[in-house]
Structure formats: structure tokens, C-alpha cells
1. Between Ile392 and Asp278, what is the label-to-label distance in nm when each label sits 7 Å out along the Cα-to-Cβ direction?
2. Residues with beta-carbon under 12 Å from that of Glu435, excluding Glu435: net charge, scoring Lys, Arg +1 and Asp, Glu -1?
3. Quick check: pseudo-label points 7 Å beyond the Cα along Cα→Cβ at Glu139 and Glu361, how many nm apart are they?
4. In whole Å, how far is the Cα centre of segment 470-485 from that of segment 160-175?
5. Just round it to a whole percent: the fraction of Cα-Cα distances in segment 361-406 exceeding 17 Å.
6. Given axes a ≥ b ≥ c from the Cα gyration tensor, I'd like to know whether segment 300-408 is rounded (a/c under 1.5), prolate (a/b larger than b/c) or oblate.
7. Estimate the FRET efficiency between Asp109 and Val424 by the formula 1/(1 + (r/R0)^6), using the beta-carbon distance for r and 45 Å for R0, to the nearest 0.05.
8. Where q = 0.19, 0.21, 0.23 Å⁻¹, what log10 of I(q)/I(0) comes from the Debye formula for segment 172-238, counting one point per Cα?
Amino acid sequence: MATLNLSDLVDADWSPEDAAVDDAEPMQTDSEPLTPAPEDVKEIEAAVQSLDLGTKGKVKEVPPVEEPEPEEDNEENKKRHLNVVFIGHVDAGKSTTGGQILFLSGQVDDRTIQKYEKEAKDKSRESWYMAYIMDTNEEERVKGKTVEVGRAHFETENTRFTILDAPGHKSYVPNMISGASQADIGVLVISARKGEFETGYEKGGQTREHVLLAKTLGVSKLVVVINKMDDPTVNWDKSRYDEIESKMAPFLKTSGYNVKKDVHFLPLSGLVGSNIKDRLDKKICSWWDGPCLFEVLDKIEVPLRDPKGPVRMPIIDKYKDMGTIVMGKIESGTIKKGDSLLVMPNKANVKVISIYCDEKEVRQAGPAENVRVKLSGIEEEDVLSGFVLSSISNPVAAVSEFHAQLQILELLDNAIFTAGYNAVLHIHSVVEECEIVELIEEIDTKRRKDDDPKKKKPKRKPLFVKNGAVVVCRVQVNNLICIENFSDFPQLGRFTLRTEGKTVAVGKVVKLPNPGNSIF
Ligand code: GTP
Ligand code: MG
């Protein structure tokens, strides 16, 4: 059986900048070999199998205890909005850190904290009271483990954040995937407590698995917080921090992250609240001169969505309420009350009657906002999940074929992958039967960066490829679907292919028919 190399699956080639087919390059492994154990591969596959591109995963909204002041419209315009997923091994402190963020940003009052302290004590989980802010279900509080992704909001100077607090336990990896697939950036929480870093990092631990999944799902930047620095076994010890950073950095590199550009490390205590909103007190930790978490998050650059770009909002759901309401996340552009837009692919002209963002009516909403939009000009029955709300002057492509670069994971019964292969395509909120009609080129993932490109063998169309291959192919569907090149709109251009409920490949769209055409 061909060996599946998961570092190929998440190779650096997933970043939109190097979406060109020819850019595929091997990972430079300068640490221990990190090909995951077969049991890890099974787990990741099982997790990816249940991937529904984030549209169906259970998410619990964490209500702020104190109602936020209504925001002025111009305030909304000024701040960008980012979705940040908290990932990492079970008990690393994701919910505690998330809860502490809400507390420090004034959204949870002292009385509530006292109530949680008492409740946690009654459940013999004294130290979990901060996590209770995010873990709102009884089951989560009793077990001290997040099950559903918790969603909450906070702001730094220039950014409004939606926190997605993912579960760390391996049984809930599907929920983690739904959180990560909605996120722009990730906070990877690592416990520095003696023994805990090791358990999370070793094979079978969720630290590595979450990193690999986050990269595959398009989380472009990671803040790695080395947490529990206050723990008596650590006590803000620099050598422990350095040890963890030096082990994580090569691993992140082999997972496809550019450690210098895309990753930021910092020490933290989620429980005590150190180095979150304010910089570390020198009395606590003399050696750290770097920024605190809020500063890092505020400055993080994510070149993803353009508020002035064309409107793209994949519709994930719809209902009737004195008009047609569509729900989804704006991936590009700004939607304003009164705008005339197109619902694609049926080219229906619609008008925006009202926009709701987190239950609040707003006059406009920009990239990364989760919104409900009331439309006139279309009946609710004429909208389907997978349709895209789009600007009229530059509408989304509606096609029935496209070229994709695919990473084959594991084919059922070790089948070979040839033209004629049928699968189900999951791309943003679209689910469609598809057929691979032509294999165009197999990408040599072993090719070294310094190889002379002139010596590259002439391209030959492969007749078949096997597990682990990276291949460019032409994919056809029966109905028109609204998708984009991965390099233009990553969220509308990355997908999974499944057969019999099992994910067999992940891919990205690399070429579309000419504008206005649905086929090549
Ligand atoms: P899952 O949701 O189950 O994946 O766990 P989690 O990562 O959300 O961890 P959680 O926040 O529930 O914390 C787990 C345990 O670690 C609790 O007992 C916390 O009090 C403890 N903990 C979290 N952060 C810190 C910290 O900064 N210092 C110390 N000493 N303990 C912490
Ligand atoms: Mg948790």
C-alpha cells in the first residue's frame, strides 16, 4: 500500500500566494521525520470525513453578560473583523484563555465569576471557573471538556474578533474542523505544565493533528501561546518556554507554515490572565520583552478579504420572515442596505432590504461578518444553500467544470484514481456529484526548490495516480455551481471530495472557464 504522507497533504502550496500549479514544492524537513503514524492518519481521515465545510457544525453562542453598547456605524467601518479559532490538545487551556479574554475585555462581571467559582467548586472542578465562561453546556461543565465550538466576541484597538473555542478532545475533532474552517487565524494553545506539553505533542496527541487540519482548512496564521506558565512546575521558566518553541517551530514548518511570517510565539497564563490584555509584569517574568496577546492579534495581517472587493456571500441557509432571508458569511466586499445584488447561479436581481449581524440590525456589513440579509425580488423557494450573493458588475463564476489541484488522501479499497472517477464535491456550502473527466498533470512533490526548472521533464498526462499523489485534473458537475479560483477567493476555491461518506481528496480550484462560460 502506498504511504500517505500528511505533510504533503498540508504542503506549503496551500497558501493563496503560491497557488500556481508549478509552485508545488517539497517540505524541507530539518527535524525528526514527522510522517504521522498510521493511527494518526486514520484519525485525521475520520475527522476530515465528517467535514462539512463548517456550515453544519454545532456552535454555541456565548452571550455577553453585559449588553455591549450599540455601535455607531462609522465605528463598524473602521474596525476589521477576524474569526479566530482556539485549537490545541485537550485541557491545554483554550476555554480558560477564551473566558479570560472576555473577562479582561469587560464582558463578564465579578459577580458572574464568583457564581462560576462556586459552581465549579460544587462540581469539584475549582480551577475550571474561567473555562465556564466559554463552556456553557452542563455536560461540558461536568466533564471539564468543550464539546461544541463556543462562539464569542471581543475587540482590540483595530479589530473585532469572533472567538471560536474548539474542543481539544479527539472524539470531537469534527467540531474542531467546523470551527477551523470558519476561521482566518488560529491561536494554538499549548500547555507548558510538566508532562502536558509532551502528551499533547506526541503521536496521537491533538497538537499535531490540529495544526495539520488548521493548515489544510485554510487557517493562514497561527499565534502559538505557551500557556500555564504560572504553573508550579514551570514558574515562568525561560528554558521550558525555549524548549517548547524549539520543538514546535520545525514541526510547524513541516506542516506548511512559514514560521517567520505566519507564526508568532508568546508565553501566557490563561488562568491568571498574564500577558493577555497587558504586557507581562517584569516582576513575574523578567526575560519576556515581547508583546501581549491582544497586541499580537491586533497587528496580525491577514490578506484575505477585501471590503472594497466584489461581493461574495455563499448562502448557507434561508427562511421566510416577511420576505426572503438568506444567511451566510461575507467572504468579500461590503453589503449595504439598499444595494442591488445578484443571487447566482440563477442570476436573480435582488435588493437588500435589511442586514442583521449578531441579532443587531446594521446598515452595512463587510468581510468575515456572519449575517442575515433580507432580500426582495426573490422567493425563498428559489434560493438554495450553495447559491452565492454576488455583486452585479463582477459576479461569481457559475460553472459546470473546472481545473483543480487535488491531493489524494486514501482511495477506497486502494482503488486507482483515473478519469471517470465519481465523487461528491463539497465546496463552501455546495454539495454536488462530480466526475473527474481528465487527469492533466501529476505534481512531483519531491522536486527540490533548487532543482533547475529547465531540467524538468516535459509534462505528460498521467493515466492514473495512487494514494498520496498530487494531481491537476478537470472536474465536471451536472448543475452550475458558484466557485472561484483558490488564488482569488480561497474560501470559495478549496474543497473536499468524498466517496461513500469518506473523504478521498482535498483540493483547490486552479482554473475556471473564461468569464461568462460555464465550460472550457
Ligand atoms: P478542552 O476544551 O477539553 O479541549 O480543554 P481546554 O483546552 O479548553 O482547557 P480548559 O480551559 O478547560 O482548562 C483545562 C484545565 O487547565 C483547567 O483545570 C484549567 O484551570 C487549567 N488551566 C488552563 N489555563 C491555565 C493556566 O494558564 N495556568 C494553570 N495553572 N492552569 C490552567
Ligand atoms: Mg475547552
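Any read-out appearing in this document is the output of simple, stated calculations on the displayed coordinates, not a laboratory observation. The structure presented is a predicted model; accordingly, all values stated were derived computationally and were not measured. Every residue, glycine among them, receives a Cβ derived from its backbone with ideal geometry; neighbour counts consider all protein chains shown.
1. 5.4 nm
2. -3
3. Label at Glu139, label at Glu361, 3.8 nm between them.
4. 30 Å
5. 56 percent
6. oblate
7. E(calc), rounded to 0.05, equals 0.40.
8. -0.77, -0.88, -0.97
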